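Asker: Submitted below is the structure of interest, expressed as C-alpha cells.
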Amino acid sequence: MSAALQTLNMTRILPGPVPVTLIEHANLSIGKGEFVAITGPSGSGKSSLLYLLGLLDRPTEGSVMLEEKETSHLGSGELARLRLAKLGFVFQFHFLLPEFSVLENVMIPMRKLGRLSGDAMKTKAMRLLKSLGMEGEARKRPEQLSGGQRQRAAIARALANDPLVLLADEPTGNLDSKNAHNVFEIFRGLAEDQGQTVVVVTHDPHLSEHTHRQIHIVDGRIVDA
Amino acid sequence: MRLIAEIAATHLTHRKRQSIVSILGVAMGVGFFIGMAALMQGFQTYFVSKIIDVWPHIIMKDEYRLPSLQPAQRQFPQGAVALHGLKPVEELRGIRDGKAVIAALNRIEGIHAAPTMRTQAFMRYGAKDVSATLVGIDPELERQVSQLERDLKVGSLNELHTAANGVILGEGLAAKLGVEAHNIITVVSPAGVILKMQVVGIFRTGITTIDNFDSYTLLKKAQILANRPNVINQIRIRLRDVGNARVVASSIESRYGYRTEAWEETYENVLGIFVIQNGIMYSSVGAILIVAAFGIFNIISTIIHEKTRDIAILKSIGVAELDIRLIFLLEGLAVGMIGTVLGWALGHALVEILASIRFNIEGFVRAEGFILNESPYHYLIAAGFALISSSLAAFLPARKAARLDPVDILRGAA
Ligand SMILES: Nc1ncnc2c1ncn2[C@@H]1O[C@H](COP(=O)(O)OP(=O)(O)O)[C@@H](O)[C@H]1O
Ligand SMILES: [Mg+2]
C-alpha cells in the first residue's frame, strides 16, 4: 500500500515571546484508501496536525510528503495547487460561501482547477449532491439549509476534484446525534465503498471506533498510531 | 478568472450602499474634471486662437532688452566696474532704417511685415475725454499682418485714404466716446499736436483690451501727431506658420538688436494665468479623486474584514494568494470603472448644461456664454486618473487579504 500522506519528524512551533509547541516530532504514514481518525483531548493539537497534513500550515521542522513527494520547498502557489487538486477539507462549521448556491459552491474547486467543461462540472456536481441526498437543495443558498445539509454540501465541495485525501476537522461536532450519525455514515461509505482516503479529527469515541485506525495525540505528541 | 470576477461582484453587491457611494465619488471626480477641463481649455484655446488670429504674431519694438554698455564697461569687460551718477543719453526713439528692415523681412518666405507708429492720444467728443492708443498703419501692408479689415464692423481701410483725417476706432472705445461713423473727434497727442479726425470705421476683434483702447490711422497722421516725421516705432510681423513665432522672433532680434516679441511673450501674463488655472483645476479634481480613493480603500478594507472567513475557505480549497489579491484589486478597479463611465455621463451632462447657459461677459474676451472645448482626451485623462487612483486604493487591502493566514482564521472560528 503506497502512502498518501507522510510526516517525517514533523514539529510545529508557534513563534512568539512564549513559543507554543503545537506538534512535536510527529512521524506518520497514511496509506491510500485508509480511513483514519485523529483523536485526543481538546487542545491536544488535532486541528494543528490536520492543517499540517492538509498543507495549509507549514512545519517548523521536519517535513510533510504528499504521495511520497517532499512539499517543504514548495511555494505558496504550488501548495495551493496541490490543495486544489489533491486534498479536500471539511470543517466543523460548514464554511460555504454565503452568496453562492449549493451547486455553485460545489463547482468552485472545479472551476478553479479548470479541467472540465462547464456542463461536465455541473453534471458532476449534481451527481455528487445526489449521492449525498442533496439534489433537491442544489439551487438553495447555504442559509436556507439545515446544519446537516450544510455539512453535506461542504462534503460535496471537498469531493469536487476527486481528492486523494479527504480531511475533516470534527465534521460532526456541531450536529445533533442523528445528523452526526448520518454524516459519519457518509464518511464511512466513502472510505469503505469507494476506497476514498479519509482523515477525520474527532473526539467522539463512537465515531472513531468505526475507522480503520486511530491516531491518538496528547499535548502535541502522537502517543498511539 | 470568471470565478474571481464573480466573487468580486458578490462582495460589492453585498455592500451595495457603500459601493454606490464609492462609485459616486469617482464619478464626481471624473465628471467635474471633464466639465472643468472643457471650460478652461475652451476659453484658453479660444483666447489663443483669437490672439493668433487678430494680433500680429511678432512685434518688433524700438527698444532694447538690455541697457547699452557704458564705455568703461566695454573697455574692461572682465573688470569690476562701478559707475555712479549715470544719466542715460536721451536717444531718439524709433526703429532706425525701419523701411529697409521691413523690406528685408518681407523678402523672407513665409514672413509679412508692416510698419506702425504707435502713440498715446486723448480723444475728445462732446464732453467725453478718453485716452487711447493710436496706431499709424500702412493699409496695404497692414492687410498682410492682421485681420483688421475683416474685423471692421463699419467702414473700410480704404476710407483712411479718402477721408481727410480718417481714424478707425475699436468698438469699446467708440462706445466710451459715444461716437458713430462719420463723427468728427478731436485727437490730442502728448507732443501737443491737435487734430480733428473723422471716424471712418469701427472694428471689433472680440479681445477686450484691443477693442477698448486701440485705434488706427494712416502712418503719416500718427507721425504728425507724435511730431516724429518718418519714424516707425513698431514693426508688425505675421507668419505663415505661427508655431515658429518664438524662434523667428529671437532670430530677428539677434539680427537687428531691437526687442522683438512673439505673441506668447506679449501675452505672457495671460498665459501665466492659464497655467495657474490649470493647476487649480488639476489639484481640485485630484482632491476629489483622493477622497474617492479613500472611499475605495475603506470599502475594500471593510469587505476584507467581513469576509476573512470566506478568504480562509477559498485558500483551503486551493485558491492561490494571487487570485485572492486579484479579487480585491478587481473590486477597486470595478468601482473605478463604473465610476468612470458614470462620470463620463455626468461630465457630458455638465458640459451640455454649461453650453446652454447664455450671458454676456467681458473678461479677456467678449462672449455670450461659456466657451467650451469637449475633447476625448479629457475623457481619457479623467479615466486614467480614476483607474490609477482606484487600483492604488485597492492595492494595500488586497495585499493584506492575500497574506491572511487561513490557519489563524480557522483556529479563530473553530
Ligand atoms: N494562536 C495560538 N496561540 C497560542 N496557542 C495556540 C494558538 N493556536 C492554538 N494554540 C494552542 O495549541 C494547542 C493545540 O490546538 P488545536 O490544534 O486547536 O487543538 P485541538 O484541535 O486538539 O483542540 C492548544 O493548546 C491551543 O490552545
Ligand atoms: Mg480542534
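The values are calculated or read from the model by the stated rules, or taken from the named source; none is laboratory data. Predicted, not measured: the structure shown is a model, and the values here were computed from it. Backbone-built Cβ (ideal geometry, glycine too); neighbour counts: all protein chains shown. Please note that ligands, DNA and RNA were not included when accessible areas were found on the heavy atoms of the full protein model with its side chains. Shrake-Rupley method; radii C 1.70, N 1.55, O 1.52, S 1.80 Å.
Asker: On average, how many beta carbons from a partner chain sit within 10 Å of the beta carbon of a residue in B:406-412?
Answerer: That average works out to 5.
Asker: Given 5 Å bins starting at zero, what is the percent of C-alpha pairs of the range B:92-258 in each, up to the one with the largest pair distance?
Answerer: Per 5 Å bin, starting at 0, the Cα pair percentages come out as 2, 9, 18, 21, 19, 15, 9, 5, 2, 0.
Asker: At a probe radius of 1.4 Å, figure out the A/B buried accessible area, summed over both chains, and give it in Å² to the nearest 100.
Answerer: About 2400 Å² of accessible surface is lost on pairing.
Asker: Tell me the label-point distance for the pair B:Asn227, A:Ser76, using the 7 Å Cα-to-Cβ offset, in nm and rounded to one decimal.
Answerer: Reported label-point gap for B:Asn227 and A:Ser76 is 9.0 nm.
Asker: By how many degrees, between 0 and 90 and to the nearest 10, does the Cα long axis of helix B:308-317 differ from the longest principal axis of chain B?
Answerer: Helix B:308-317 sits at roughly 70 degrees to that axis.
Asker: If contacts are Cα pairs under 8 angstrom and at least 6 residues apart, what is the relative contact order of the range B:92-258 in percent?
Answerer: 31
Asker: Give, in nm to one decimal, the length gained when the segment between A:Gln214 and A:Ser2 is fully stretched (0.36 nm per residue of separation minus the Cα-Cα distance).
Answerer: So the extension gain works out to 74.5 nm.
Asker: Could you pull out the trypsin sites (Lys or Arg not before Pro) across the range A:127-204 that fall in loop regions by DSSP (anything but H, G, I, E, B) with no more than 13 other Cβ atoms inside 10 Å?
Answerer: Hits after loop and neighbour filter: A:Arg139.
Asker: Using a Förster distance of 25 Å, how high is the FRET efficiency between B:Ile353 and B:Tyr377, based on the Cβ-Cβ distance and rounded to 0.05?
Answerer: So, using R0 = 25 Å, E works out to roughly 0.75.
Asker: Quick check: pseudo-label points 7 Å beyond the Cα along Cα→Cβ at A:Glu68 and A:Glu135, how many nm apart are they?
Answerer: Label at A:Glu68, label at A:Glu135, 4.1 nm between them.
Asker: How many Cβ atoms of partner chains, on average, are near each residue of A:75-87 if near means within 10 Å of its Cβ?
Answerer: 4
Asker: Can I ask one more? Would you list which lysines come within 21 Å of B:Lys153, measuring only between C-alpha atoms, while excluding same-chain residues fewer than 8 positions from it?
Answerer: B:Lys50, B:Lys176
Asker: Ignoring everything but the protein chains, give the 1.4 Å probe accessible area of B:Lys176 in square angstrom, nearest 10.
Answerer: Near enough 80 Å² of accessible area.
Asker: Could you point to the residue in B:Ile184, B:Val154, B:Ile237 farthest towards the positive end of the range B:92-258's charge dipole, with +1 and -1 charges on the Cβ of Lys/Arg and Asp/Glu respectively?
Answerer: The one lying farthest along the dipole's positive direction is B:Ile237.
Asker: When you look at the Cβ of every residue in A:51-59, what mean number of other chain Cβ atoms sits within 10 Å?
Answerer: Per residue, the number of nearby Cβ atoms from other chains is 3 on average.
Asker: Calculate the FRET efficiency for A:Arg188 and B:Leu396 from the Cβ-Cβ distance with a Förster distance of 56 Å, rounded to the nearest 0.05.
Answerer: Computed FRET efficiency for A:Arg188 and B:Leu396 comes out at 0.75.
Asker: Additional query: Just round it to a whole percent: the fraction of Cα-Cα distances in the range A:3-224 exceeding 20 Å.
Answerer: 58
Asker: Provide the gained length on full extension for the span B:Gln70 to B:His305, in nm with one decimal, where the gain is 0.36 nm per separating residue minus the Cα-Cα distance.
Answerer: Gain on extension, B:Gln70 to B:His305, equals 76.8 nm.
Asker: Continuing with the same structure: Stretch B:Arg96-B:Gln120 to full length: gain in nm at 0.36 nm per residue minus the Cα-Cα span?
Answerer: This chain segment gains 6.6 nm when fully extended.
Asker: Okay, which of the range B:199-227 sit inside 11 Å, backbone N to the point 7 Å along the Cα-Cβ direction of B:Ala164?
Answerer: Flagged as within label range: none.
Asker: Need one number: nm distance between label points at A:Ser29 and B:Asp241, each 7 Å from Cα along Cα→Cβ, rounded to one decimal.
Answerer: Placing both labels 7 Å beyond Cα along the Cβ direction yields 8.5 nm.
Asker: Please give me the summed charge of the neighbours of B:Ala345: other residues whose Cβ is under 14 Å from its Cβ, Lys and Arg +1, Asp and Glu -1.
Answerer: -2
Asker: Roughly speaking, what % of Cα-Cα pairs in the protein assembly as shown are separated by over 39 Å, rounded to a whole number?
Answerer: Pairs farther apart than 39 Å: 57 percent.
Asker: Within the range B:1-40, what residues put their amide N at less than 14 Å from the label point 7 Å along the Cα-to-Cβ vector of B:Asn298?
Answerer: Label zone hits: B:17-26.
Asker: With a Förster radius of 30 Å, plug the Cβ-Cβ distance of B:Asp408 and B:Val341 into 1/(1 + (r/R0)^6) and report the FRET value to the nearest 0.05.
Answerer: It comes to 0.20.
Asker: For the range B:92-258, with every protein chain kept in place, what is the accessible area per residue (1.4 Å probe, Å²)?
Answerer: That works out to 46 Å² for each residue.
Asker: Let me check against my output: what whole-number percent is the relative contact order of the range B:335-414, with C-alpha pairs under 8 Å and at least 6 apart?
Answerer: Relative contact order of the range B:335-414: 32 percent.
Asker: Same structure again: Please report the carbon-and-sulfur percent of the accessible area for the protein assembly as shown; probe 1.4 Å, protein heavy atoms only, DNA, RNA and ligands left out.
Answerer: 57
Asker: Only residues of the range A:31-63 count here: report those whose backbone N is under 14 Å from the spot 7 Å along Cα→Cβ of A:His203, or say none.
Answerer: Those under the cut-off are A:38-48.
Asker: Could I ask something else about it? In terms of solvent-accessible area of protein heavy atoms at a 1.4 angstrom probe, what is the ranking of B:Ile237, B:Ile317, highest value first?
Answerer: B:Ile317, B:Ile237
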